[in-house]
Each structure stands twice: as structure tokens, then as C-alpha cells.
1. Tell me, rounded to the nearest percent, the portion of alpha carbon pairs in segment A:253-321 spaced more than 18 Å apart.
2. Need one number: convex hull volume per residue for segment D:130-180, Cα atoms only, in Å³.
3. Arranged by the count of other C-beta atoms within 10 angstrom, fewest first, what order do A:250, A:125 take?
4. Sticking with the crude label model, points 7 Å out along Cα→Cβ, report the distance from residue A:317 to residue A:284 in nm, one decimal please.
5. Along its three principal axes, how long is segment B:64-194 when you only count alpha carbons? Whole Å, largest extent first please.
6. First obtain the Kirkwood hydrodynamic radius of segment C:66-124 from its Cα pairs, then insert it into the Stokes-Einstein equation at 37 °C and 0.692 mPa s, and state the resulting D in µm² per second as a whole number.
7. If you find the alpha carbon centre of segment A:42-67 and of segment B:291-312, how far apart are they in angstrom?
8. If the convex hull of the alpha-carbon atoms of segment C:152-255 is projected onto planes in all directions, what is the mean projected area in square nanometres?
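Read the figures in this text as sums done on the coordinates, not as results from a lab. Owing to the predicted nature of the structure, the values given are computational and were not obtained by experimental measurement. Note that we place each Cβ from the backbone using ideal geometry, even for glycine, and neighbour counts take in every protein chain shown.
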């Protein structure tokens, strides 16, 4: 089984499955009340230089209240699994990112990310390239507890050349196939529809890559629109996508995805997103935005107060019933 | 990336992912009414010598009405993914199996399978060995559309030696790791709680390996306790574990898992299972059982009539509400 | 030239929607592909199954999704799963069409959406592959939607983000990509192009209404093959425009 | 010897249940492990998390499951997923205890549940690995429950279905199995055994009530190491027996 090609990208987070096993063994398995504030969760579980990831992405079911708290506390030199929109744009504009396992950072229909351009073109942020599924597959490998996963994406392209993947000869067929290294996060951040105090979580609608990322994270912070009684979890165990033992902290975060949407609960705040797209065009205007919506506020409650109950109600009412 | 060990077991179904892709491309993608009887489904979609698999296993959510029809039509020389209890015991006792990718065939609390002993010790059935997860992982590889999957099971054992797996040196860490070949079924048989006429299916409770097997099957037969309107499917799309385009036939099979159980619907018929354990001890007594419950009956409706409405109601009533 | 009854986006959308056959599956990305897919569903392809990257399958595209993961992408869908179920479904060969875009395309349909200039020292850092590389690797037939110009249609892209035919015939298979897959059409404001079956190089098939072959050649930065008979793509019909404006994009988000 | 207040199965169940600590996870198989797990939950380990192979996590074991996939295995559970989520959770190192059985065991804890005689020409075809090999590969500490006898405790098993310490110290790691995992205890009707930290060979730790060390040696088909101080495993307590009979196995399915 020959190695045909080695990606030249840096392995930002080398996979050590045996260390991951030892870490997981030591995690508490009892039913413990894990509810904390955003401030406490970020303070206790995220360190400068950590490798973090956010799910789903910045305008859809995004752990935005946690991302805002990371910016507020100025956790820096972060390495980030880079598939995102608004949330990663905010981190980049705040100068907290050192390196990206990059697949897509942009503003979707609003085009390219100005923060990404500034940070990468200036050399302040380095990028290792992957495809969207490539990043999710790397989480899947970690979630399976194996060091790599075979895929047929990325082959023949510069995306693979500038990644840390390898191309090998499949020992069963002799054909070339890509092997992507497992990606184990120091911290995973996932926003869900509901969770109980122990960290059992449910998601409604598409689940993005929450299943894989939750299982690929050494520390897992779950923010939830709603905290529910464990009896609800036990009454429909097949709805549990994240079992409690994976979870380190549970944060009650109503409208936690704002300005992003939450399927069935509230719509995205389009004017707010557009406002950021405008503000992000220069460091100065971005700084004004970040001060107004993050630094000048103590917590998510003050953020929601600033957005205003009237607007939040509108976003709820926009959801088709 | 060195190959350190090659299993000496026969590759009963060599994985050809490119042929699988071409097959899947040709499957109809439109919404077509796929409802047929057990007889028509087995007649049209299963051939002598096919490689088949059943999910979950023979006393739990098992496609028993379809397995009984296979026996009734005498489809022979079957190659089977061998993780089962009652359902595979019935196939073995009927002499329809030629080879097994084997992990477990037994009667659970009632001990070993007499049919398995007779067929294998006589040399009529050959076995290639795997672990339970090993077989499911092979389905997962096929479901992913890749030729193999890395795992840390089976290493160092005769289970691997007598399988068709390989052990290679992980090119990222240098450690030995097992690669299991994808397992693509000619026909997969899965029993579910409810499906619509197009083959969109839902399962309540544990899902065993239905997700993986459905996606690893060239032809997929879905039997369902209940046929529901597609509007119900569309009203909760996150409950769809098997999307319609995977499905070739939809069979309405109330009590389709009998004598096995169906979670939340009916309990297992313990005395009936015990009766088979007794009957299976000799070819003669097994034949009497098979005549009574399969060959002397035209279809599943006659089978249910033989079991009797009173007994079926009891099995429903035994489910805790 | 007189005022046209449609705008450039409307032309692109109608052209792309006509490319898709009924009863097949299409991997739908943000923007114009969504409108093309929705229009096709309402015109000639009622059984076109829309597949969205982050998990939506078979959604009814009543309202226009603004993002591939948002709730409209699984509105009354037949299934709502996750990104890997979707991409693995494509990897298994279930997805016929895929839509792609990029800042640069070369004669073999290779696309760049990663970087202008050197990767280590970029002139312009672009958003990156996203799902593009996955779509370009696994879908049977990919359709690139571009705005036509010399700086976008180049002999050599700065970075191959998404595989076209790579270096030419046989190159995809040699790289391990699934046989029989690859670029199918390029739809631009000036023309519709395909690929020569033997050389796998881009070939002009249709010009957009009022556009000459010479114009297309002029705006293309590499030697473009020309079909024996280049036809003119019919302009958007009144029915297409009505559905597009009144049903598909009521809020005029894109058009 | 007078009539004992408990039967052999009750002794095995109580002994196995005592081995499990609270606040950990146990991969529960059909039969005696289920009763041991349920008893432990009701005795000293209320926070012992039961994990069933086919998807049940954290079930309340009110009624006794007859099979690892049946509805009692996810009764009021915290999660009901599938076999691969469970085994991959073990592969990620989350599962502390695993229960195993077999027809033969050797001094290194290797187990045979596949075949007696030659694989190509078997004397007795056994049920096979099932989840055994997975449990023995991924769980941190495995507990084998056997009935003690010369024909079961053999110098060399006919077939290594499930890995113990294989050929001895370092062999699991050399084979690629996760470091720090392996056989922990063997619970039989005659004794409780562990493994020597250096040689990884089976060592007698406890005798069952009324059983002598010589008896155990006599019934073991290989040289058994003997701990400096072999204690006697206390007989099942009245409380253990009451809970076992009145709550865990009301229907007397196993006892």
C-alpha cells in the first residue's frame, strides 16, 4: 500500500487517538448538573492557543453567544476549523485567529469575507486547505476513534496539495484514494434546540455535522435555546444526538444563534447580517461594530436587550407555522 | 504504508465502488409507488446466489415475513452477512445458504444454533469471520462510498486471520490498523415502524445498523408495520432514516417481525421462539416446523391467521404503555 | 441595442434551469443554482430532486433559500440529515448534477475559488472550496455558472480548488476520482459551453441572445473550441420570467 | 455440604456485580452481565451507565432485557442510537468495563467462541465473535464470566476469537490494539482471577465460598499463578439475593 502523495499543508492538530482515549476515559460519567453562563464556560474550558470548532455555521444554528463571549474575553492565538460565515468573520475581525484548517469563510450571498482577506493577505493567519466534507470527514474519523478516513474528495487538486492529507494506493483495488487525518478539537461549540442539565441534546431539522463534531471534541460546550427536564430526553431517547457524557458545559442561550437563524424557532436577522457585512469592510468600522455588540456589553442578556424584544419577537413571528 | 497482514478468508463479495456508483446512478429518482407483496418483492428482487443481509436481528425488528417468503420460494445458494438469530437459523435450516460473512449466529439466551452446527460442520456452509461491529463497519464503508474503512477491532486475533481484512501501517502514526473491505449487498432487507409508498422510512428507538445497511444495498426491500402518507414524512423530515431513492420495494407487513419484537408495538413471542429452538435440534423436527409455519402457508396473512389474532393482541398488550 | 425584457441574472437562471433533466437529482448551492433549481421544478422538471449540502433532501422550494443550510433547504423535505450523509450519497453516485462557481476556470473546467496569486503570499484570498471540491469530485455532471471575461477564463488557474478534467483525458481517473464524472456545461452571460468528448477541452455550444461567436472568443482567455453548429440560446420565455419573478424570487433577492 | 442459600448463577451474578465501580460505564451483554449490571445499579453503583451493543445508553434496567437489542435495553434510556455509535464510543475510550464469555480461555485471557477443532473442518461450530471481539478490543477492562473446568481453561485455545493479552506483555500494543486495555477479571463458579501486572498471566485472587485453592488449580488446564494472599469471596448477602430475586429477575428467567 504505497503512499502516492503527501499534502504539504501543516498538520495544525496532529491526531493522537490513544491520548484522546485516555482523555475520554477520565471524563466524568455520572449525571452532573453542567449548567453555567457563557462567561464561565469560556473562562473554564477555552485557553489561548486552543484548537476550536463551531457548528453548524454562522447564519444557521450557530453558537453565537459563545463566540461573542470568546471575543469579549479575548481568547487569542486560536486555531480554528474554518467552515463558517458570520461567527468566524467576527473572530477573524477580532484578530484572535492564528491558523485555519480552511474550507469556506465568506458571507454567502453577500460574497467574500473582508476580515479573511485582511488577516490572510497580511500573513497574520495561515490557511491549510480542505473541502467542506473533508473537514466534516476529519471529525468523523475522530468520532470513530480512528486516525484517518478514506475519501474520494480533493484528489488531483491543489486543495489536496495544500492540505495535510495523503493519497495512497488502496490495498484492495490498487486505485488511488485520499486519506484525511482525524481532527480532534480541544473545544467544540454547538448550539442546539434543547438540552437537559446534564448535556443530553436534541436538534430539530438538519443536523449539519453536530453528531461528528460532538464526538470529536475533547471539551464540548453546548448552548441551547431551551433547557428541558431529563424526563423529556428519556421519553424519546432516539432524538438524543449528543449524549450527556460528551458534554462539559450546558449554557441556556435563547436566541443564541442571532443574527443567525434557528429552524422552527426564529428567522435570521438579515438587516443585522448586512450591517456587519458593511461594517467589516474596514478595521475601523468593524471595531465600532464589535464594541457596540460585544465589548460594551456584559453578556448575552445585554446583547438581547440591545437587539430589543420587539425585533426578537418579529424574528419569531417570521417563522412559518 | 506497508501491508502487515492479509486475512486468509475468502472475499465473498469483492467491493466495486465504481460499479456501485453506476448502479446507483441508474436507480429511479422519481416518486414512484413501490408497494408490493412479499411474494412479488422476493420474486422480482432476489435471485439464487445473491448476497443478502437482514437487519436488525432475528428477535428484534426483523424482516421475518420477507425471510419466510425467501424460504417459501426456495431462493438458494445465498451468501449472507451473518449476524442473526431466528431469521438466519430459519434460512440455514432450510439449506438455502452457501456461505456466510459470519459474526454471530446463535439463539441468545437459548445458546448455540443447531442449524449452524449442522450446516457448517457438514461443510455445506463456509464461514469467513468478522466481529459484529466489523460487519456493520463494512456496511458503513459501502454507505460512505469508499472501498475500505479503518478500525481497531479484530487486531491480533484469529478472527482477523480468518477474515478478508488487511492490517496496514497507518501512514500518519506508523501504528498497525485494520482495514475492512466495503460490503455491498445485492439485496438488503429491513423492517421498519412506518414507511410511505415511495419508501421513505422511519424507525422508533434504536436503529441497529439500518442506516448503514440501507445505504450499502444495491436493492433494498423495506417491510413496514404501517404505511403512512408522505405528508407525515414531510412533516418531520429529520425522522427519515431511509430516503425513498434507496428503496426498491415497500411491503406492508403488520407483525412482520414475529416471533421477534417490535419496540413500542409488540413484544417478542417467547414461547414461539422456544418452540423453534426445540424443533431446530434435528432436521426432521425442523422440517415439520418449516412446513407448518412457512411451506403450508401462502403468505404472511395466512401466517398471522395461524398465530391467531388473540395471541397477536396479547403481544401488543404486553408492551408497557 | 434596445432594453431587454430580462436582466443578466434572469438569463443565467433560465439558461441553467433548462440544462437540468426531470427525474434526476441536483446538488444545489447558494444563489443562482437555487433559483435555477426552483424554476426547473416549476417548469419542465417537477421530479427534480433538490439536495442541499447540509442535509435537506427533496424540499419543496416554495420560498427561496438564502443559504444551503437554512430552513427553506429542508422545508417539507423528504429527509433532513447532515452534510456527510449528503456528500456520501454523492460519493455513492446518487447525485447527477452539481453546480459550481469560481473566480477562474481553465480549458479543462478546473476551478479556482481559493486564491489569486501565490497561496503562501496571496494577492486576493478567496472564500475557499466549501462544498465545491466535493461537488466537483462526486457529481456525475457539473455545471459551472460564471460571468464571462478574459480574467476569469484563463489558460491556467492560479489554484485548482475544484477538479475539472485536470490535465485532460484520463487525468481524473488516474487521480482516483470516480470514472464518468466531470464538467458538463459552463453557463455564462455570453454563452453555453460544453467539453469535447475526446480532448476534454471547453467547446462553445450556444451563444446567448444577441451575442456573436467572436465576442465569446474575445472574452475567453484561452483557445476555445467551437462546435460545428453553434446555436443561439433562446431568450427567457414570458412564462419562465413570470414564474421566476412571481413565484421563485418574489422578494427580488437575486433578480 | 449443606444446601446453600443461593444457586451457582446467583453467586456468579453477585460476584460480577461487585467488580464494577460506580460512576463508570459498562458494555452489557446478554445474560449474566445484564443481571450483574442491574444488581450493581441497585446496590453500590447507582451511577453505573449501562451501554448496550445495538444502541441503548443509560437505560433504567427495571425489567430484565433478554437480548442486547430489545426494548428493555433502551427503556427510558438517555440515548437510543445504533451499534456503530456504541462501538465507536468504546473505540474512543469511553467504555470502562466489558463483559465476555466463551468456550475456552487461555492463561493470557484470550477467548474462543468461534470453533472447537480446525476452522476449515470444525468439531463444534460455535456462535462466533458477535460483539465479543469489539468489547475485548476497545473496553479498558474486560471481565470474563465462565464456568470453571479443565476443558475450558486451556493452555492454548483452538481459535482466538477475542483478544486477551495475546502472546503476553506488549503483544496487544504491538498488534495495534489500544494501549492500557485488556483482561481484568475472570469470574467463575470456583474463583475470581486477575492478571499478573508483569507477565499478564492469569492469577488466582479469590476463591468462591467453600472452594479450596487446590480445587481451582485442579480444574484449571494451565499453570495458574497464585496471589500471595488468596481471599475468599464473601457469599451473596441477604440484601443482594433479595434484590436479585425480587427486583432484578422477578420472572426467574436466569436464576
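1. Numbers: 946 of 2346 pairs.
Above the 18 Å cut-off, segment A:253-321 has 40 percent of its Cα pairs.
2. Once divided by residue count, the hull of segment D:130-180 is 99 Å³.
3. Values: A:250 26, A:125 22.
Taking fewest neighbouring Cβ atoms as first place, the list is A:125, A:250.
4. So the label points at residue A:317 and residue A:284 sit 3.9 nm apart.
5. 51, 37, 28
6. Result for D is 224 µm²/s.
7. 58 Å
8. Computing the convex hull of the Cα atoms and averaging its projections yields 8.8 nm².
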